[in-house]
1. Give me the accessible area of residue 199, 1.4 Å probe, in Å² rounded to the nearest 10.
2. Mind checking the full-extension length gain between residue 199 and residue 322? Use 0.36 nm per residue of separation minus the Cα-Cα distance, one decimal, nm.
3. Within 10 Å, count the other beta carbons around each residue, average over each peptide in 345-353, 363-371, and list them highest first.
4. Kindly report, to the nearest 10 Å², the accessible surface of residue 340 as traced by a 1.4 Å probe over protein heavy atoms only.
5. Ignoring everything but the protein chains, give the 1.4 Å probe accessible area of residue 343 in square angstrom, nearest 10.
6. Take 332, 64 and sort them by solvent-accessible surface of the protein heavy atoms, 1.4 Å probe, largest at the top.
Amino acid sequence: MSSQLGNTNYSRPLTVLTSLFFMWGLITSLNDILIPHLKAIFTLSYLQAALIQFSFFTAYFVMSFPSGYLVEKLGYKRGIMIGLATAGLGCLLFYPAAGVRSYPFFLGALFILASGITLLQVAANPYVTLLGKPETASSRLNLTQAFNSLGTAVGPLVGSVLILAVAVKPAAELSGLSPEQLAAYSAAEASSVQTPYLILAALLFALAVIIGLFKLPQVKEADTPIDQPAGGAVYHAHDSVWGYRHLVLGAVGIFAYVGAEVSIGSFLVSLMGQPQIAGLSEAVAGKYLALYWTGAMVGRFIGGVVMRKIKPGYVLAFNALVNALLIALAMSAGGQAAMWGLIAIGLFNSIMFPTIFSLAIEGLGKFTGEGSGVLCMAIVGGAIVPLVQAFFADHIGILYSFIVPLVCYAYIVFYGLKGHYADFTAAQKVAAAKR
């Protein structure tokens, strides 16, 4: 990347982009509210309820490569606008889905919504890394992702008030209602989901218009894998994006991280409702869930500063190790200690996604766009890992099912310590060790 690019002031476009990070954070965390709500409405098992996250995050696997191709052809700005419009359409479809009370319809709407979010991720994440100096890419992406965490913190609060506040009646109680009472109850249930997502749709469409009117700078990746460093050592060039070991291992890291984060968020409300844990109602537990996401926001602001002083890989490994220990403590202690231990994981989750992402695409040059697509495709971990944890929750209990995200964090420790180093020449390995 040229020095000119590194010295340009990109504060205005970065400010505009933070709104995107906020919106998709809010939308993603609302899934954690939908799970207990729809689980009660449709009388679902944990595994069936986990299909909410499966439908949402499968879109990342299916749509990441098409999104990468679209961004490559149309550019970052148009890609962002199309992503916002697609996400808005998905939100609009919640209205008829709630009206007909169809669980498959909800899942389809979530897939379309997530397809738009996928396109936003593929376009916005690498765009932020390119808007400034390469050596501060991790710090810069962490700071913008902090506003993503602000959205994920606000989402559960909004969902608790607008969605979970409408208590779901058990089947026995519903059978005793008159037709008029049943119709009024069904309308209230539907409205509790319809109104928030109609508002989100309006905001997304408005953002698409604003982005269209705003002049975003044109930036382009270097054609070579990376600027040649002092000493003449160079990266090995590969003919395919899959040839970069640190990218492939980073994709596994994204899979593990997103899977762990989504699993914990998905099952925390249900766990806090267990009498032996905290015995909280869903509405109250949803507000405690906001603390989990607030921790991620606070940690990203801290991480953005810390990683200007400490190697990002070391910070990543430390945070993942702490999270693995917190889960082990929660499973062994139980009670409210388990609840608070799992909530605290949010603080240490904070820097993981942007750090893994920026480390994995470092030095890809002309393959940066494709590499972003690969990493966003790996977000499918948010679909697979919650299903695995749901299976264990149905068979060994919800608390002990948290062994699944523990394994995910163990892998991230490895990536932070060893896995993120690219396949340099011997001379470059020496130079990298001195960084």
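1. 90
2. 40.5 nm
3. Details: 345-353: 26.4, 363-371: 21.4.
Per-residue Cβ counts within 10 Å, averaged per peptide and sorted highest first, yield 345-353, 363-371.
4. 110
5. Estimated to the nearest 10 Å², residue 343 gives 10 Å².
6. On the way: 332 95, 64 0 Å².
Heavy-atom accessible area, descending, gives 332, 64.
The values are calculated or read from the model by the stated rules, or taken from the named source; none is laboratory data. Just so it is clear, the model here is predicted, and its values are computed rather than measured. FYI the Cβ positions are ideal-geometry reconstructions off the backbone, even for glycines, and counts take in every protein chain you see. Note: accessible area is taken over every heavy atom of the protein model, side chains too, but ligands, DNA and RNA are not part of it. Shrake-Rupley method; radii C 1.70, N 1.55, O 1.52, S 1.80 Å.
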